[in-house]
Amino acid sequence: MHARGHKKIAESNDPKEKKKSKSLSIVVNNKVMAIAPAIILQPTLIIIVTLPAIYSMTEAEALVSLKSSFSNPELLDTWVPGSAPCSEEDQWEGVACNNGVVTGLRLGGIGLAGEIHVDPLLELKGLRTISLNNNAFSGSMPEFHRIGFLKALYLQGNKFSGDIPMDYFQRMRSLKKLWLADNQFTGKIPSSLVEIPQLMELHLENNQFVGNIPDLSNPSLVKFNVSNNKLEGGIPAGLLRFNVSSFSGNSGLCDEKLGKSCEKTMEPPSPSPIVGDDVPSVPHRSSSFEVAGIILASVFLVSLVVFLIVRSRRKKEENFGTVGQEANEGSVEVQVTAPVKRDLDTASTSSTPVKKSSSRRGCISSQSKNAGELVMVNNEKGVFGMPDLMRAAAEVLGNGSFGSSYKAVLANGVAVVVKRTREMNVLEKDDFDAEMRKLTMLKHWNILTPLAYHFRKDEKLVISEYVPRGSLLFSLHGDRGASHVELDWPARLKIVRGIAQGMHYLYTVLGSSDLPHGNLKSSNVLLGPDNEPMLVDYGFSHMVNPSTIAQTLFAYKAPEAAQQGQVSRSCDVYCLGVVIIEILTGRFPSQYLSNGKGGADVVQWVETAISEGRESEVLDPEIAGSRNWLGEMEQLLHIGAACTESNPQWRLDMAEAVRRIMEIKFEGGHESRSFADSHHGEQSQRRHGTNSFGSWDNIEYGSS
């Protein structure tokens, strides 16, 4: 192409047209500066084709458009045109955000009805979770399959009906959670579900599906239920690991697991083998080409693996700037459902995001290196120094009330969590050292103690053991991994008991403190093996800056502390009650949020339900089906309500709360150990350095 004498070709002169269309131009100074579709008529003549610009909705406009498709849009009165859905001051109800971007819609259980227009949702590029469960939507399956980047879809408890096309899920390869239970779907289960590579949860129960169950052999599938449909035939081998209840209510299903053998169909006789001169000759000359092809493919694969390993090692060796900057840029929100599943903290998964491990790497800032050394206060996991920490590969875990948290893997393979905080600057170094060593002396299975610290006047690093399962908050509301252990009723009761035992121990050994814990919430409860809970971020109340303590410690969210500034041990009891209610209902508490907007006011909700005799209605549906334990669940719910009384004088004290919790019957209907027996056995429950939480590479989620 020869166009030296021209700087720009065929540009629209109408200023209005410039706004409505994109003029495709070529700037030529021996370089092609822009590329555009063109029709070449002659070697020196180019006609530039102008394309109309595609109008893109803002997130607010897209959500308002979606709202208008509902028959009762007045239920979403906070969705007002001209305002920002992710505003920190007034975030729209039912909208989950991360860094100012809409990432989830949590509109469950509010009575919505009408149509669901998917076109506006396509404008929400960060949308990963849609929760419309327990509403009044009807008709055929909406066109959610057009949103290929969706990770979780919750439509249970509506009146959707009709067949779902077999190829519906073909483009939804990012989907991890699909809940279609309690609708009126008919036809066969879509075979395209098999093509979703990382499907983790599939709930199709209480519909009218017919035919065979697709062979969903994906090992990542941890929840599966097709009960109460009209399915028939055998159960695929890859699904036999699930409980019988997952298949009940389908009279046509058969398998030894169900106590009903499948009738074997007669196989047609195999054709007689071809013998003698009828055997066709097979050319062997192609075999050499096949061998050569296999060898070449093997060499290519080996080279690729070596390249990836070298590249990975180089990345690990690279230093990453200042840690604080990474905390803001590298966190990823974990989605949760609503109303039962609020994600990610976020989970946190509402406007408080549950943070997921970032892929960003780094080391501790060089500022820390020059300020002092790392002080080891617990050598159970070995001895390491600041240089070891600076060389470690690090990952952002998330931001909590105290600051940012990072996972660091040391050269010896030990994984630790580094918490960087600017909120504990009250004490001088000697006093701070004494307090950290006092916390290190705590020895209880349900208490996780610090390993080391780094002291600077305006900033502290607190290092503790990394726990792969992560927090209770993440397990309840977050994006659970393949190794996630289902939180059934026995598991939840065990967690509550462990929290209670840990709190009783803190109240025994830190008896002189007004707030022995001070920051009890689900994000500060880590889950070890067999759902054994471990408390973290305790005992810091007199180290936190007075100017920020109300925003830093959850105990200051108790009504008497928030309204009158009255802080006492009863505030810890209030925190315990919120956690108990959160565990039983599965809802994300609005009490965790600084502005109280988002999540659910679980305290008021449970108080109202108890006064009206509707306790069973507020229980998490995932455990409410265990009817044999309904009495125990309601008993624990009443304890949680008694711990969250608005008047602290009516609230239980910690000893009484723990005693009542320990009296609830445990697995198999056996009476649990008495509170006295539990306390007497505390010495046998001490954590030792030989304890292992498994490989930290299995799940990359830690404390936040």
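Worth pointing out:
- Test: Asn628 is at pLDDT below 90 and either part of a helix (DSSP H, G or I) or within 30 Å of Ser246 (Cα to Cα) (or both): yes
- Residue within the stretch 143-152 that is at pLDDT 90 or above, surrounded by fewer than 23 Cβ atoms within 10 Å (Cβ to Cβ), of a type in the set (Phe, Trp, Tyr) and over 21 Å from Phe224 (Cβ atoms) present: no
- Residues being in a loop (DSSP other than H, G, I, E, B) and among the basic types (Lys, Arg) - total across the stretch 213-257: 1
- Only one of Ser483, Ser475, Ser513, Ser570 that is more than 27 Å from the chain's Cα centre (by Cα) and at pLDDT below 90: Ser513
- Selection count, the stretch 554-610, where residues are of a type in the set (A, V, I, L, M, F, W, C) and either surrounded by fewer than 20 Cβ atoms within 10 Å (Cβ to Cβ) or more than 19 Å from Glu622 (Cβ to Cβ) (or both): 16
- Helices (runs of 4 or more DSSP H) completely within the stretch 514-603 that count 3 or more residues being within 27 Å of Asn98 (Cβ to Cβ), outside the structural domain of Thr644 (by TED's automatic domain parsing) and touching a Lys or Arg at 6+ places or on another chain (Cβ under 9 Å): none
- Among residues of the stretch 116-148, those that are more than 25 Å from the chain's Cα centre (by Cα), hydroxyl-bearing (Ser, Thr, Tyr) and under 16 Å from Leu175 (Cβ atoms), counted: 0
- The set of residues in the stretch 86-113 that are within 13 Å of Gly126 (Cα to Cα) and of a type outside the set (A, V, I, L, M) comprises Cys86, Cys97, Asn98, Asn99, Gly100, Thr103, Gly104.
- So Gly139, is it surrounded by fewer than 19 Cβ atoms within 10 Å (Cβ to Cβ) and more than 23 Å from Ser71 (Cβ to Cβ): no
The values are calculated or read from the model by the stated rules, or taken from the named source; none is laboratory data. Here the structure is a predicted model, which means the values were calculated and not measured. Methodologically, a virtual Cβ is constructed for each residue, glycine included, from the backbone with ideal geometry; neighbour enumeration extends over all protein chains shown.
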